[in-house]
Amino acid sequence: MLSPHHLHNMPLNCHGKPPASYPSKNIPSIAKTRYRVTKSVLQQNLSTNQNAAAHQEAAPPIAAVPKVIELPPITIDGAAVIKAVESVVIDKFKKLPVKCVITVKRIIGSDKESTVDHEDPNNHEMVAGRLHLTLYSTELDRSGKEKTVTAYAEKGTRRGEDQLVEFECSFSVPRTFGKVGAVTVQNEQEDETLLVSTIALDGLPSPTTTTTTFLTFNCNSHISPLIQNRDLRIFFSDKSYLPAQTPDGLKRLRDLDLENLRGDGTGERKESDRIYDYDVYNDLADPDSSPDLARPVLGGPEHPYPRRCRTGRGPTKTDKKTEKKSSSSTASYYVPRDEQFSATKSTEFGQNKLRQAMHAVIPTIVSITNPKMGFPFFTAIDSLYNQGLIIPSNGLLNTYLPRVVKFISFGKERLQYETPELITRDRFSWLTDKEFARETLAGLNPYSIQLVKEWPLTSKLDPKLYGPPESAITKELVEKEIGGVMTVEEAVEKKRLFMLDYHDLFLPYVNLVRDLGDTYLYGSRTLFFLRDNGTLQPIAIELTRPASNDQKLEPWKQVYTPTSEPTKEWLWKFAKLNVLVQDSAYHQLIAHWLRTHCAAEPFIIAANRQLSAMHPIYRLLHPYFRYTMEINAFARGQLINAGGIIESCFSAGKYSMLFSSVVYDQVWRFDKEALPADLIRRGLAEEDPNAEHGLKLAIQDYPFANDGLILWDAIREWVSDYVNHYYPHTSTIEDDKELQAWWTEVRTVGHGDKKDEPWWPVLNTHENLIQTLSTIIWVNSGHHAAVNFGQYGYAGYFPNRPSVARTKMPDEDPNDDEYTEFLTKPESAMLQCLPSQRQATTVMTILDVLSTHSTDEEYIADKMEPSWEEAPVIKGAFERFRGKVMELTGIIDGRNLDEGLLNRNGAGVVPYELLKPRSESGVTGMGVPNSISI
């Protein structure tokens, strides 16, 4: 046998070239210059050395032998050896045919789409088109240039009832090409935007063996025609790289992709753009339509606020600081193309459903209701659920909003609402003190209840403007209401007093709101006592009105307590109603909009501008950003805009967004947005290394916190495993230029009005990075789910959570006619105070839509991202994450059956399920999506 060792020690052609007599016409020229073993040398050695072992001993040593191609053991048959060498050399430098299949989920704007037989899954229709693809190696060639191969896909085949289109082409790839790290695609069709799902390559040369490999690029991205957008579309493989680890062949593409996503900060954004940039909230007003729709700009020193996605539209004619409305009839607000709803969400739910609610149902409600007309009886409210209202329609509203609109006949439909579970379990629960208190811990807004840390209660507002700072809730009153079981000082020390404090936040807006007419507002404090059984007992409500702007009314404040005396009992009910009005406003504007939707957008914009699509942190966060910018754009256009749903149906009226700016300025801190930090800040927990989750809760039966901390721990462990894998040393965090640029931009631009705050974490340790990423994921998933998907369940019966109070407290002026009517018909007076028919049905319709899960919802810890699956360590970490999250479902079910947990179990009590990880589609009151997707 002749081994590779023998060939290695054979005499070599000193010029490193095969002799002219060698039949090399089929060997590339590059192979000729690198070929070291010649035919003549082989023949010479084979003829003179019959004994391989003897030849090995006799061969003289040769210095500086160039590296040669090692061959597997072969026989002494010289012809076979020559043939084997030829085969290896030719195989090394030949090109391989690589099949490429580009799968497009759908084609937007295709006229042919409607002609396809959707019922025939075997229908294959040819689709004309032209895609230009280029493969990029992770390596550079010897001259330092990128290795590329190109191909064209000329035709696509439409397959199956899912309407997938597959374009095919073939690449000719040299075996020495190296690993494919990226592919670029240019859409040369005339007018069709393609949603590319995957690009699959079959037959790629393996870098380590003589076999071929298969590679899939997971794109899930829109590609506009070149005539609309000439930016090179770049897709990277599932292999993640920190900036310093980027293969040489991909460095230029990595930088170019980020450059394209940043744009140049000029011009008006087009629908086909993929540019991420910042702007202030100067697009909520519409002063050109009416002076009443003028609003201040949010963002900047005067009114601090997070930044939103820049659209680049010009100013209005009336106010140069306000951005004009879009002239497009199809899209009112720009959203980067890949941030828009999927086909499923858009068609079945999404903006179609929301737009139908806003542009069809709401105007219909307006047309059949008087803006000032309330409900004459509580039975009239009940009729919304069991009878409904006959409305004129085109017969299509039922298609979009089947839960709200029932089809009767052509031209007639019925506006009829589903009865919320709260009412089906106990129709009178909304009147009880027990439910009023329970919902602070297990309701729609569990983020406001706080511990009373000092006594007496005092205001921090200017007493010259808002009256004496001391609360009217006295020590004697509290001790009387708790039955003398302890003093106030003891109750504070033992952490038994809790409070909803809407005094200082709302008091500056009381007179402003009242001047709007038909809406009344107070500053309020609501005091609770923690019973031995773990439930809260409301013991006092203080309502405050400052002196009127014209000084005709003196400051007014009053304290109400639970009682069985008829008049005072009804006043207590009115006081609770007013607190709920403020809590509803705080929930929508702060706990929901500001702390999730609004605060999250800068993190998303910065991530797309500064973190490459191949960056591991981008790939970690991306699923938790899905659809947020799209739903935020819709909110700016229809919900929080001047004259929109929030302003017309909630208590702060035209000052709603200004109020949220004040809270952002005074209260919002990123370092307090993690669940444990939030609980500690409100006094609901303290650090305890010996306690579960490292926290000791002040209220043991706090369903939101009990369930949320399990989810938080699971998120943090998942993030810890992920970060520790990609950042083995602290220096890799500090030296990650993209990571540091992302965080700098979040702080100094996206949340630039708070850039100088000392509480921003510095990304220089594993702990800080893990905490930061975990906080972002928690806010977008658990926090948002807790305050969103129970909206219809808790507020669908609007007396339980009224959005506005249309009359003042009956005893604020006991000499007027309203007080007389209250004494004779208190129920009628309460109905007049509750939202009008128009306000109530408008809010109910929107809340039903916003509480809905779509069928394509992506729930937390459910879907394994391809880039996570590519790395075995990350794949294993995600599997553990999924397991822990799924355990939460069983834990929640068990807790809801525990008769000792009275805040989530008992006759007529709605079980707390808002943080159950999974849900069916529809309005379910459970389910935690990855992202703020509605």
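The values are calculated or read from the model by the stated rules, or taken from the named source; none is laboratory data. Note that the structure is predicted; figures quoted are calculated from it, not measured. We place every Cβ from the backbone using ideal geometry, glycine too, and count neighbours over all the protein chains shown. Surface areas here come from the heavy atoms of the whole protein model, side chains and all, with no ligands, DNA or RNA. Shrake-Rupley method; radii C 1.70, N 1.55, O 1.52, S 1.80 Å.
Some values worked out for this structure:
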read-out: Check on residue 762, under 26 Å from residue 613 (Cα atoms), aliphatic (A, V, I, L, M), surrounded by fewer than 21 Cβ atoms within 10 Å (Cβ to Cβ) and free of Cβ contacts under 8 Å to residues at least 12 places away in the same chain; value: yes
read-out: Checking residue 625 against (1) under 11 Å from the mean Cα position of the chain (by Cα); (2) within 25 Å of residue 502 (Cα to Cα), the condition it does not meet; value: (2)
read-out: Qualifying residues in segment 450-473 (those that are among the hydrophobic types (A, V, I, L, M, F, W, C) and closer than 27 Å to residue 487 by Cβ) - the one surrounded by the most Cβ atoms within 10 Å (Cβ to Cβ); value: 473
read-out: Residue match in segment 532-545 (condition: touching a Lys or Arg at 6+ places or on another chain (Cβ under 6 Å), farther than 25 Å from residue 656 by Cα and not in a loop (DSSP other than H, G, I, E, B)); value: yes
read-out: Residue count for segment 517-556, restricted to those that are among the charged types (D, E, K, R), under 34 Å from the mean Cα position of the chain (by Cα) and surrounded by fewer than 21 Cβ atoms within 10 Å (Cβ to Cβ); value: 0
read-out: Residue under evaluation residue 622, criteria (1) open to solvent by 20 Å² or more (accessible area, probe 1.4 Å); (2) under 22 Å from residue 772 (Cβ atoms); (3) touching a Lys or Arg at 6+ places or on another chain (Cβ under 7 Å), criterion not met; value: (3)
read-out: Criterion (in contact with a His (Cβ under 9 Å, 6 or more places away or on another chain), touching a residue at least 60 places away in the same chain (Cβ under 8 Å) and either crowded, with 17+ Cβ neighbours inside 10 Å or closer than 23 Å to residue 785 by Cα (or both)) met by exactly one of 885, 928, 909; value: 928
read-out: Leading residue by the ranking (least open to solvent (accessible area, probe 1.4 Å)) among those in segment 229-274 that are more than 23 Å from residue 192 (Cβ to Cβ) and among the basic types (Lys, Arg); value: 254
read-out: Residue match in segment 241-254 (condition: in contact (Cβ under 8 Å) with a residue 24 or more places away in the chain and closer than 19 Å to residue 105 by Cα); value: no
read-out: Answer from 879, 920 - the residue that is without any contact (Cβ under 8 Å) to a residue 60 or more places away in the chain and open to solvent by 40 Å² or more (accessible area, probe 1.4 Å); value: 879
read-out: Residue satisfying condition, being small (Gly, Ala, Ser), in contact with an Asp or Glu (Cβ under 9 Å, 6 or more places away or on another chain) and open to solvent by less than 10 Å² (accessible area, probe 1.4 Å), within set 828, 851, 836; value: 836
read-out: All positions within segment 683-697 that are surrounded by fewer than 20 Cβ atoms within 10 Å (Cβ to Cβ) and in a loop (DSSP other than H, G, I, E, B); value: 683, 688, 689, 690, 691
read-out: Among (1) charged (D, E, K, R); (2) open to solvent by 60 Å² or more (accessible area, probe 1.4 Å); (3) modelled with pLDDT of 95 or more - the single one residue 412 does not satisfy; value: (3)
read-out: Filter result for residue 872 (over 23 Å from residue 783 (Cα atoms) and touching a residue at least 60 places away in the same chain (Cβ under 8 Å)); value: no
read-out: Filtered residues of segment 479-516 (kept if of a type in the set (A, V, I, L, M, F, W, C), touching a residue at least 60 places away in the same chain (Cβ under 8 Å) and either open to solvent by less than 20 Å² (accessible area, probe 1.4 Å) or touching a strand residue (DSSP E or B) at 6+ places or on another chain (Cβ under 7 Å) (or both)); value: 498, 500, 506, 513
read-out: Segment 644-657: number of residues that are modelled with pLDDT of 95 or more, part of a loop (DSSP other than H, G, I, E, B) and not hydrophobic (A, V, I, L, M, F, W, C); value: 1
read-out: Number of positions in segment 724-733 that are of a type outside the set (Phe, Trp, Tyr) and either touching a Ser or Thr at 6+ places or on another chain (Cβ under 9 Å) or surrounded by 21 or more Cβ atoms within 10 Å (Cβ to Cβ) (or both); value: 2
read-out: Residues satisfying the stated conditions in segment 597-613, i.e. more than 30 Å from residue 236 (Cβ to Cβ) and surrounded by fewer than 24 Cβ atoms within 10 Å (Cβ to Cβ); value: none
read-out: Tally of residues being assigned to a loop (DSSP other than H, G, I, E, B) and either of a type in the set (Gly, Ala, Ser) or free of Cβ contacts under 8 Å to residues at least 40 places away in the same chain (or both) across segment 734-757; value: 2
read-out: Out of 264, 273, sole residue that is out of contact with any Leu (no Cβ under 8 Å at 6 or more places or on another chain) and either over 30 Å from residue 599 (Cα atoms) or touching a residue at least 12 places away in the same chain (Cβ under 8 Å) (or both); value: 273
read-out: Residue that is farthest from residue 375 (Cα to Cα) [pool: residues in segment 799-829 that are touching a Ser or Thr at 6+ places or on another chain (Cβ under 9 Å) and not in a loop (DSSP other than H, G, I, E, B)]; value: 823
read-out: Answer from 760, 778 - the residue that is aromatic (Phe, Trp, Tyr), on the phi < 0 side of the Ramachandran plot and outside any helix (DSSP H, G or I); value: 760
read-out: Test: residue in segment 706-716 that is buried (at least 20 other Cβ atoms within 10 Å of the Cβ) and touching a strand residue (DSSP E or B) at 6+ places or on another chain (Cβ under 8 Å); value: yes
read-out: Subset of segment 637-695 that is touching a residue at least 24 places away in the same chain (Cβ under 8 Å) and acidic (Asp, Glu) - its residue that is farthest from residue 841 (Cα to Cα); value: 671
